[in-house]
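To start, the structure under review is shown below, and the notes come after it.
The values are calculated or read from the model by the stated rules, or taken from the named source; none is laboratory data. Worth saying up front: this structure is predicted, and the values here are computed from it rather than measured. Cβ placement follows ideal geometry from the backbone for every residue including glycine, while neighbour counts extend to all protein chains displayed. Just so you know, the surface numbers come from the protein's heavy atoms only, side chains and all, with ligands and any DNA or RNA stripped out. Shrake-Rupley method; radii C 1.70, N 1.55, O 1.52, S 1.80 Å.
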Amino acid sequence: SSAYLRSTPDFHSATTLTPNELSLEQRHTLDAALRVDQAGEIAANYIYAGQMAVLGRDKAAGPLIQEMWNQEKVHLAVMNKLHLQHRIRPTLLLEAAKVAGFGLGAVTALMGKEAAMACTEAVETVIGEHYDDQLRDLASFPTHDPSIQLLKDVIRELRDDELEHLDTAVVNNAQRAPGHALLSTVVGAGCRVAIELCKRI
Amino acid sequence: MTARAILQHALPLISTHGFTRKTLSLAVMQLPTPHSQPLSETAITALFGNGDDARRTLINGWLKGGLEDMQHGKTTGGTMQHILKRRLRWNEPVLEHLPEAFALLVAPQQTLPRFDIRPAISHAASVADEACYLTSDSPEGTSWYVRRAVIASIYTAAELHQITSPQTSEAFLDELLEKSESVRRVVAESSLFAEYVGKSWGSLIKSRGIF
């Protein structure tokens, strides 16, 4: 992802051009994938913003959530550049994603540190699987195109970061949250529905 | 000889022969290895469709050519104004044929609906999307849609103005873009002011120890 974050402009085709030879179906797949990825990164940012609003002053949880939030900010910056490069239409549900994300983060943080971690665990589990599905879809794309190869590398990197957040949440007692199973199921299901909606709208 | 190549070579003939099957027929005589005879009606139907379908294919090809031409605007100027003016100039050689072309696009192909305005919306949306992409004017979220809707409306108004008064169309476009820019500035400044007021109220409430 560092290719997209350089402060000096990079005119390399891998970061500036979108492939011309994709079929219509592949173009729709790319469009939907990057649309939902951007929405997901925005929602993740707002989840952490909601958690920080409640737990920001906590000496243990505050710095931890801030560190994960900083990583999500970088993910979002990369997604915005990918959107520009591949000319992706953003989802109409972005404002809803912000409200829902902040609400989810704040409510789970009000339930306690463990519940906030459980929310992170549930969201990152779904996101990790979602990025894996995308890598599977991208496997059929032309391999010679440098922008597609870079996109696969970026998604792989983002997936690994999200799984690292998942591990962090588990290590920080996510599974001790009250009603962990119910909370995880509800949050996970909500994420899956949001993914399907953002792909289409 | 592909349909795409014939379509490409038909574009310069539109100013003389209009958006007609004859234009497509004569295009083969402009190919790098030109034919000695124009294309037959049967061949036009086979390559481009029956009756007015062939004309619509030509119109859509010409619209696509306009979008490709806008990309040259990026290298010779690059502002929204410059790129939209370039698109208006693409219309100039075929201006007299445009009303008929647009009417053909929205004309009903079946009994219902009576008019299909989707091609008109699609045309304006494509121009707006291309212009925003070329000027890297792509804000996030709902602003992405708002910006494109505004540019599409401005361009549509300018294009309709061009059909009736070609000499003043660029000045009209400038005026619309300027007005849109001042509205955008006012909205941005109002939002900033509202944000500052909100933050100051938040600080006041916090300082009272309510939360």
For the range A:1-80, which GluC sites (Glu not before Pro) pass both filters: DSSP loop (anything but H, G, I, E, B) and at most 11 other C-beta atoms within 10 Å? A:Glu21
Determine which residues of the range A:36-51 fall in the zone a paramagnetic label at A:Asp167 would reach in this model, i.e. backbone nitrogen under 12 Å from the point 7 Å along Cα→Cβ. none
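Here is the link list: A:Lys73/A:Lys98; A:Lys199/B:Lys179; A:Lys81/B:Lys74; A:Lys113/B:Lys206; A:Lys98/B:Lys199; A:Lys199/B:Lys64. Which ones come out longer than 25 Å on Cα distance?
Flagged as over cut-off: A:Lys199/B:Lys179; A:Lys199/B:Lys64.
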Please compute the length gained on full extension between B:Ala171 and B:Lys22, using 0.36 nm multiplied by the number of residues separating them and subtracting their Cα-Cα distance. 50.1 nm
Relative contact order (percent) for the range B:53-207, with alpha-carbon contacts under 8 angstrom and 6 or more residues of separation? 21
In a Gaussian network model of chain B with springs linking alpha carbons closer than 10 Å, the residue among B:Thr164, B:Thr33, B:Thr79 that fluctuates most is B:Thr33
Through the Karplus equation 6.51 cos²θ - 1.76 cosθ + 1.60, θ set to phi - 60°, convert the phi angles of the range A:164-175 into ³J(HN,Hα) values in whole Hz; use x for Gly and Pro. 5, 5, 4, 4, 4, 5, 5, 4, 9, 6, 4, 7
Could you pull out the trypsin sites (Lys or Arg not before Pro) across the range B:97-176 that fall in loop regions by DSSP (anything but H, G, I, E, B) with no more than 11 other Cβ atoms inside 10 Å? B:Arg114
Each residue of the range B:9-25 in turn: what ³J(HN,Hα) in whole Hz from Karplus with 6.51, -1.76, 1.60 and θ = phi - 60°, glycine and Pro shown as x? 7, 7, 4, x, 8, 5, 4, 8, 10, x, 8, 10, 5, 4, 4, 5, 4
Cα gyration tensor shape of chain A, rounded if a/c is under 1.5, else prolate or oblate by comparing a/b with b/c: prolate
With every protein chain in place, what's the accessible area of B:His161 (1.4 Å probe, Å², nearest 10)? 50
So what is the relative contact order of chain A, in percent, for Cα pairs below 8 Å that sit 6 or more residues apart? 30
A:Ala3-A:Lys199 FRET efficiency (beta carbon distance; Förster radius 25 Å; 0.05 resolution): 0.45
Cleavage-rule hits (trypsin sites (Lys or Arg not before Pro)) in the range A:1-103: DSSP loop, at most 10 neighbouring Cβ within 10 angstrom: A:Arg6, A:Arg57, A:Lys59
With R₀ set to 22 angstrom, the calculated FRET efficiency between the beta-carbons of B:Thr164 and B:Arg89, to the nearest 0.05, is 0.85
Mind checking the full-extension length gain between B:Gln30 and B:Ser126? Use 0.36 nm per residue of separation minus the Cα-Cα distance, one decimal, nm. 31.7 nm
In nm, to one decimal, how far is the modelled label at B:Ala149 from the one at A:Ala139, with both set 7 Å along Cα→Cβ? 4.2
Convert each backbone phi in the range B:131-139 into a coupling constant with the Karplus relation 6.51 cos²θ - 1.76 cosθ + 1.60 (shift: θ = phi - 60°), then list the ³J(HN,Hα) values in order as whole Hz, x for Gly and Pro. 5, 5, 5, 5, 9, 6, 9, 9, x
Placed amide H near B:Phe19: partners under 5 Å, 5+ positions off or other chain: none
Rounded to the nearest 20 debye, dipole of chain A from Cβ charges on Lys, Arg, Asp, Glu: 540
